[in-house]
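What follows draws every value from the coordinates through simple rules; no lab data is involved. Source: prediction; values computed, not measured. Because the Cβ atoms are built from the backbone with ideal geometry, glycine has one as well, and the counts that use them run over all protein chains shown.
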Amino acid sequence: NTILRKVDECNISMKFIKEASVILKEGGLVAFPTETVYGLGANALNKKASAKIYEAKGRPSDNPLIVHIAELVALDKIVTVVPEKARMLAEKFWPGPLTMIFNKKDIVPLETTGGLNTVAVRMPNHKLALSLIKESGGYIAAPSANTSGRPSPTKASHVAEDMNGKIDMILDGGMVGIGIESTIVDVSNDNPMILRPGYITKEMIEEVIGEVYVDQTILAEGDISQRPKAPGMKYKHYAPKGDLTIVEGDENVVVERILKLAEEKIAANYQVGIIATDETFGRYSIGQVKSIGKRSEEQSISHNLYNVLREFDDINVDFIYSESFSDGKLGVAIMNRLLKAAGHKIIHI
Ligand code: TXA
Ligand code: MG
């Protein structure tokens, strides 16, 4: 059975951290909070431990894991070179929601990297996570702690829903801050490229290292023909059970269109969910309406995104209509997740 331990981030119980680190050192699985989403951790340098992650998540074995470290010196043991640009990004953004892809050393098993010769590394900005990594030998492989295809977990209860009975322990550190996964930048060659958008934006990265490329599949709409460079990005991730469509345009026309679409489905006896904002919530008079956050505070939207998708799963709606969130600094990251949840279905008015 899965052990559940509550840990206060301001007053971390070393007793529970030690208990968790013993499990990790013995090759077991421990879910833990980071500043982005909950991770499902295993000893990254133990191939049997990494393999267990794929089984617990039902994750395709070609989808590599992120190795979490707690100190910059730990990097040299697992990667062949740290390019100058990567060092600059690490100095600026670590610990923080940035993952970088490097060429790996042999010590990192192919089980951890999904068979690739590169390895993704990140230093999370979360006291509990950093403490756990240090106590457990310095290298924790951790994908998001959801069942493959479900929204990433932003609370311990989300992890429990998906992982109870399948992993050894869940460390409950409360709801995470950012709510969407880290930005991924490939720095393994001379042309750094963003493979997954996140809280650290293209602009923030370019301020440090100059021009970066962006994987063009990130905001693809409709049928995607090109193959994303991060293997995990090709799957229809974060999919809610209800059929999700995004509606984009000026606020008034969007509200009207969503109401019209909802009305049609309700008339045909379907259950309909609506993803609104604090600003528009009161204007939706039909369907199951949930506010995802304040449009004027875009961080509240990333913070609640996966939680709202899971809530719609719990109430079993058939169709979900969502407003669009492409404005603001986090717009690219939020829309990337929402478009994937929607199977890339979007109506532009
Ligand atoms: O915020 C986060 O990054 C969270 C927390 C737990 O740290 N972790 C997370 O892991 O989102 P996961 O497994 O859900 O996503 C990892 C992504 C996948 O899309 C995977 O394909 C990509 O990183 N990735 C990992 N290693 C890679 C590599 N060597 N080359 C290209 N993409 C890689
Ligand atoms: Mg994931």
Only Cα pairs within less than 10 Å get springs; with that Gaussian network setup on the chain, which residue of Pro197, Pro64, Pro83 has the largest fluctuation? Pro83
If each of Leu219 and Ile347 carries a label point 7 Å out from its Cα toward its Cβ, how far apart are those two points in nm? 2.2
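If Lys and Arg each add +1 and Asp and Glu each add -1, what is the summed charge of the other residues whose beta carbon sits under 11 Å from the beta carbon of Ile275? Working shown, then result.
Details: positive: Lys290; negative: Glu311, Glu323.
So the environment of Ile275 carries a net charge of -1.
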Placing +1 on each Lys and Arg Cβ and -1 on each Asp and Glu Cβ in the chain, then taking the dipole about the Cα centre, the residue among Met88, Ser291, His344 whose Cα reaches farthest towards the positive end is Met88
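If R0 is 30 Å, what FRET efficiency do you get for Gln271 and Ser296 from their C-beta distance, rounded to 0.05? Before the final figure, lay out the partial values.
Values: r = 30 Å, r/R0 = 1.00.
Plugging the Cβ-Cβ distance into 1/(1 + (r/R0)^6) gives 0.50.
Multiply the residue gap between Glu279 and Gln226 by 0.36 nm, knock off their C-alpha separation, and tell me the result in nm, one decimal place. It would help to have the intermediate numbers written out before the result.
Values: separation 53, 0.36 × 53 = 19.08 nm, distance 3.64 nm.
Result for the pair: 15.4 nm of gain on full extension.
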Could you tell me how far the Cα centroid of the stretch 1-50 sits from the Cα centroid of the stretch 240-286, in Å? 40
Tell me the label-point distance for the pair Lys92, Asn191, using the 7 Å Cα-to-Cβ offset, in nm and rounded to one decimal. 2.0
For the peptides 29-41, 167-179, what is the packing order when you average, over each peptide's residues, the other Cβ atoms within 10 Å and list the highest mean first? 29-41, 167-179
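Once every DSSP H run of n ≥ 4 in the chain is given -39500 (n - 2.57) and the sum is divided by its residues, what mean residue ellipticity at 222 nm do you get, rounded to the nearest 500 deg cm²/dmol?
Values: 9 runs with 103 residues, N = 349.
Dividing the helical sum by the residues of the chain leaves -9000 deg cm²/dmol.
Using the Cα gyration tensor of the stretch 165-262, with a ≥ b ≥ c the square roots of its eigenvalues, what is the shape: rounded (a/c below 1.5), prolate (a/b larger than b/c) or oblate (neither)? Provide the component values of the computation, followed by the final result.
On the way: a/c = 1.72, a/b = 1.21, b/c = 1.43.
Verdict is oblate for the stretch 165-262.
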Just to be sure I understand: with springs between alpha-carbon atoms less than 10 Å apart, which residue in Ala145, Ala120, Ala230 has the highest mean-square fluctuation in the Gaussian network model of the chain? Ala230
Among DSSP bridges having both ends in the chain, what percentage is antiparallel? Round to the nearest 5. 35
May I ask you to derive the FRET efficiency for Glu26 and Glu256 from their Cβ-Cβ distance with R0 = 56 Å, giving the value to the nearest 0.05? 0.45
With +1 at each Lys and Arg Cβ and -1 at each Asp and Glu Cβ, the charge dipole magnitude of the stretch 1-119 around its Cα centre, to the nearest 20 debye, comes out at 200
Net charge contributed by nearby residues that have their C-beta within less than 10 Å of Ile69 (K/R +1, D/E -1): +2
Report the percentage of all Cα-Cα pairs in the chain whose separation exceeds 31 Å, rounded to a whole percent. 32
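How much net charge surrounds Leu261 when only the other residues with a Cβ under 15 Å from the Cβ of Leu261 are counted, with Lys and Arg +1 and Asp and Glu -1?
Working: positive: Arg257, Lys260, Lys265, Arg283, Lys345; negative: Asp243, Glu248, Glu256, Glu263, Glu264, Asp318, Glu323.
After counting each charged neighbour, the total is -2.
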With 0.36 nm assigned to each residue of separation and the Cα-Cα distance removed, Lys105 to Asn316 gains 71.3 nm
